[in-house]
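Worksheet: one structure, shown below.
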Amino acid sequence: MTIRTDLPYLRARSLRAAQPAPPAPAVSPSPDLADVAGSVAEQPSASLDLSAPVVPSPAQPPSASLDLSAPSAPAAPAVSASLDLGDSAPPTPPAGTPPAGTSLTLFDETPATPPGGTSLSLDAPSQAPAAPSRSPHGHTRTADHGLGLPTINAGERRPMTENEPVVELTRMQSAAGGLDAKVAVSNPSEVILGLVFETGDSRESLVLPGLSQQGPDPRRPIFRATTSGVAVNLRRITDIHRLVLFAVPTRPSKQLPGGTVTVTTYGESRLEIPLVAGPTLGAQALLTGYVVEGRLVLRAEHDPYSGTLQQICAAYGYREISWRDPYTPLV
Amino acid sequence: MAVSLSKGGNISLEKAAPGMTNAVIGLGWDPRTTDGAPFDLDASVLLLADNGRVRGDSDFVFYNNLTGDNGAVQHQGDNRTGEGEGDDEQINVSLAQVSPDVQRIVVVASIDQADARGQNFGQVADAYIRIYDADDPHNSTKGVRFDLGEDASTETALIFGELYRNGGEWKFRAIAQGYAGGLASVITQFGLQVG
Amino acid sequence: MSPMAKGANIALQRELPDLQGVVFGVDWDTGGERVLDDNLTLLTILVGQNGMALSPDHVVYFNQLVSADLSTAQLQQALGGDDAQVEVELTAVPDDVSRIVFAIYLSEGSGSSRNLGQLKRLVVRLLNLDGGASIISSVDLAEGLSAETALKLAELYRLGGQWKLRVLGVGYSSGLHGLAQEFGVSL
């Protein structure tokens, strides 16, 4: 019997010059993500047409919270044309106005509320899976209403044009990682991005770099300023109700530079919102976001209205914020 | 579907084995999808004389010694990751050419460097070892298959079974004995020494 | 019963022939690291024959607490000592679900980066949905972790018409991306 003292090949294999090819074809069974992504992204065409150009509705919001004493007060705040979900004072759509011009009114999603509790003034086909409403042990699921809005794939870039200003993120896109908003201009020091938001428990506040770095709770922030913009932590999506992304010029002349603001998801979907060069009274709303049944609906506002930051916030229905002056929130 | 063997089972292919002159031992598994060292499974056989031991080192046919008993046993080559469809490693045994003094051929599956890498069969997706008739590969009755991930989940080496002489014929006896000490812990009991 | 090692499996209905459902619980110890606590996220994927999530509605996590078929539901607030729990009604799982994979990942939206190697302890366990009696628990899965930011914890799977549980404890340093890629979840 040979007593082998070193069976070295058990520890480190010798290299063979010519290794016999394994009999099996070397086909990697890697998952075909493209197929899955493609099928998932398929959505029925929108029955609610939000892609029409935004025409300021003749209907004024019933609230009188606009600060009309400010110089050059705007004629029509954009709130009437925006996707307004669960605003405390929803504008009343005038009779006969086509859906494109009116608001989509949804109440807050409350997970505990049965499906019937979600009022939806749109007749998009429901994509709720045909499942029993209650499992043997009592699991229930609130119905998903197909919003029928444009969606976006992982890795896709989407200019948010006036003709197609809306993107609906999937539940996963709305919950994975964070949203990262950045400004792409030739001189980034001329503009800062900020966020005004309302949380699920109806707290309104802002993130404004230099003034308020994060919110609402500095120890566990949902929204925060980054080195080049602002970010939303979507791990906390269930604590978010709505938000507005805005731009503030840093120059005394209050001139906004032209460029693009990008909003990137965890899956590297990129929304591109034009930043139009020109004078402003203090702030320009760029993008609104509403959480609808766990999905974040984002809309480029293309809002010609310019006002102080306080006016912009009020125009989009954020009225629970106190102000040091029309440009500076008390945070 | 081949006969499936579970832990400690002992299946004797009384009917199938006598007709088998060329056996194929197939080992298959899926490549690792997670981080960490790849799962490197190995198929090997030991040719035993009637004293239950190898005659010499060359009777251990494995990734560094692909041919045994003057070509009666042929290992088709090492696969380090499990890439590929079907069997990822195969050993062919031409039973008629096996030397008369070889009485048993023990079939072993193992994981390379399992201890250092903290691996066991249960972590490997779709890991199996099987033996079937090379001349009748689609005859499922002439095969035995062992799912390594199920019944040897926490082991790192397994004696799948053995081909043995019975009268003038070869038969296969399934054993399915697992070992937590890797290939070394198996081969030492057959007269090979590691270290 | 001794704790289950990584890779070990158990035939649930061999032990408990009348088992109707289970609660899968995860108990982690972050050593008081708030960023870890806040970003650890449980993800449960109902996987079809092809190894992929059956649909986006068959992925259960904090923003989708119940699978489309209602068989699998994550609790908003875990009971007992666990940090996160999912209930699975085994009898209600559709036939086209061949396994249910439980994973955790570190969400990356807070701007702070951590990894699972920083966990002090990570144990999974299975309870009987009916009555809550403990069925099995795992060894400490945190052992041996380093740069991982997502981890497959365990899977329920069908074999021979029965449900089994396998403890996994392997993961990726690519976080949710790694899980999403393996299971075909669109991001």
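The values are calculated or read from the model by the stated rules, or taken from the named source; none is laboratory data. Computed from a predicted structure; not experimentally measured. Cβ coordinates were reconstructed from backbone atoms using ideal geometry, including for glycine residues, and neighbour counts include every protein chain displayed.
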**OP:** Of the conditions (1) under 17 Å from C:SER98 (Cβ atoms); (2) more than 9 Å from every other protein chain (Cβ to nearest Cβ), C:GLY184 clears all except one; give me its number.
**Re:** (2)
**OP:** Within the stretch B:181-195, identify whether any single residue is assigned to a strand (DSSP E or B) and under 14 Å from B:ILE105 (Cβ atoms), and answer yes or no.
**Re:** no
Original post:
When A:GLN310 is evaluated against the numbered criteria (1) farther than 21 Å from A:SER189 by Cβ; (2) within 13 Å of the chain's Cα centre (by Cα), which criterion, by number, is the only one it fails?
Top reply: (2)
Original post:
Mind checking whether some residue in the stretch C:13-23 is closer than 23 Å to C:ASP140 by Cβ and outside any strand (DSSP E or B)?
Top reply: yes
Subject >> Number of the condition not met by A:TYR316 [criteria: (1) closer than 30 Å to C:VAL185 by Cα; (2) at pLDDT 95 or above] >> reply: (1)
**OP:** Within the stretch C:157-181, work out how many residues are within 10 Å of chain A (Cβ to nearest Cβ) and either closer than 29 Å to C:ASN128 by Cβ or in contact (Cβ under 8 Å) with a residue 60 or more places away in the chain (or both).
**Re:** 2
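In the stretch C:52-111, what count of residues is obtained for those that are in a loop (DSSP other than H, G, I, E, B) and either over 19 Å from C:LEU122 (Cβ atoms) or within 8 Å of another protein chain (Cβ to nearest Cβ) (or both)?
Matching residues across the stretch C:52-111 total 24.
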Subject >> Selected residue (only one of C:LEU43, C:LEU36 is within 30 Å of A:PRO218 (Cβ to Cβ), surrounded by 23 or more Cβ atoms within 10 Å (Cβ to Cβ), out of contact with any Pro (no Cβ under 6 Å at 6 or more places or on another chain) and in contact (Cβ under 8 Å) with a residue 24 or more places away in the chain) >> reply: C:LEU43
Original post:
Scanning for something facing chain A (nearest Cβ under 7 Å) and closer than 19 Å to B:GLN123 by Cα, does the stretch B:50-59 turn up at least one residue?
Top reply: no
Subject >> Residues of the stretch C:148-162 that turn out to be in contact with a helix residue (DSSP H, G or I) (Cβ under 6 Å, 6 or more places away or on another chain) and either closer than 16 Å to B:THR154 by Cα or crowded, with 22+ Cβ neighbours inside 10 Å (or both), as a count >> reply: 4
Original post:
Just a yes or no: is a residue in the stretch A:169-179 over 13 Å from the mean Cα position of the chain (by Cα), within 17 Å of A:ARG270 (Cα to Cα) and touching a residue at least 60 places away in the same chain (Cβ under 8 Å)?
Top reply: no
Subject >> Flag if C:SER137 is surrounded by fewer than 24 Cβ atoms within 10 Å (Cβ to Cβ), of a type in the set (Ser, Thr, Tyr), more than 13 Å from C:LEU36 (Cβ to Cβ) and touching a helix residue (DSSP H, G or I) at 6+ places or on another chain (Cβ under 7 Å) >> reply: no
Original post:
Here is a list of conditions, (1) in contact with a Phe, Trp or Tyr (Cβ under 6 Å, 6 or more places away or on another chain); (2) surrounded by 24 or more Cβ atoms within 10 Å (Cβ to Cβ), and A:GLU204 meets all of them except one; can you say which number that is?
Top reply: (2)
Original post:
From A:THR250, A:THR328, A:THR288, which residue is away from every other protein chain (no Cβ under 14 Å), modelled with pLDDT under 95 and touching a Ser or Thr at 6+ places or on another chain (Cβ under 8 Å)?
Top reply: A:THR250
Original post:
Tell me, which residue of the stretch C:37-51 that is touching a helix residue (DSSP H, G or I) at 6+ places or on another chain (Cβ under 8 Å), β-branched (Val, Ile, Thr) and more than 7 Å from every other protein chain (Cβ to nearest Cβ) is nearest to C:PHE102 (Cα to Cα)?
Top reply: C:ILE45
Subject >> Which listed residue, of C:LEU145, C:LEU122, is surrounded by 15 or more Cβ atoms within 10 Å (Cβ to Cβ), away from chain A (no Cβ under 14 Å) and at pLDDT 95 or above >> reply: C:LEU122
Subject >> Lone unmet requirement of (1) free of Cβ contacts under 8 Å to residues at least 60 places away in the same chain; (2) closer than 23 Å to B:ILE175 by Cα for B:PRO38 >> reply: (2)
Subject >> Of the criteria (1) charged (D, E, K, R); (2) free of Cβ contacts under 8 Å to residues at least 60 places away in the same chain; (3) within 11 Å of another protein chain (Cβ to nearest Cβ); (4) closer than 21 Å to B:ASP135 by Cβ, which one B:ASP69 fails >> reply: (3)
Original post:
Which one of these does C:LEU165 not meet: (1) crowded, with 23+ Cβ neighbours inside 10 Å; (2) among the aliphatic types (A, V, I, L, M); (3) part of a loop (DSSP other than H, G, I, E, B)?
Top reply: (3)
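Table: residues versus (1) within 13 Å of another protein chain (Cβ to nearest Cβ); (2) in contact with a Leu (Cβ under 8 Å, 6 or more places away or on another chain); (3) buried (at least 24 other Cβ atoms within 10 Å of the Cβ).
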{"site": "B:GLN74", "(1), (2), (3)": "yes, yes, no"}
{"site": "B:SER110", "(1), (2), (3)": "yes, yes, yes"}
{"site": "B:ALA127", "(1), (2), (3)": "yes, yes, yes"}
{"site": "B:ASP135", "(1), (2), (3)": "no, no, no"}
{"site": "B:GLY181", "(1), (2), (3)": "yes, no, no"}
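Taking A:ARG203 as the residue in question, decide whether it is basic (Lys, Arg), within 12 Å of chain C (Cβ to nearest Cβ) and out of contact with any Lys or Arg (no Cβ under 6 Å at 6 or more places or on another chain). Can you show your working first?
Values: basic (Lys, Arg): yes; within 12 Å of chain C (Cβ to nearest Cβ): no; out of contact with any Lys or Arg (no Cβ under 6 Å at 6 or more places or on another chain): yes.
No, not satisfied.
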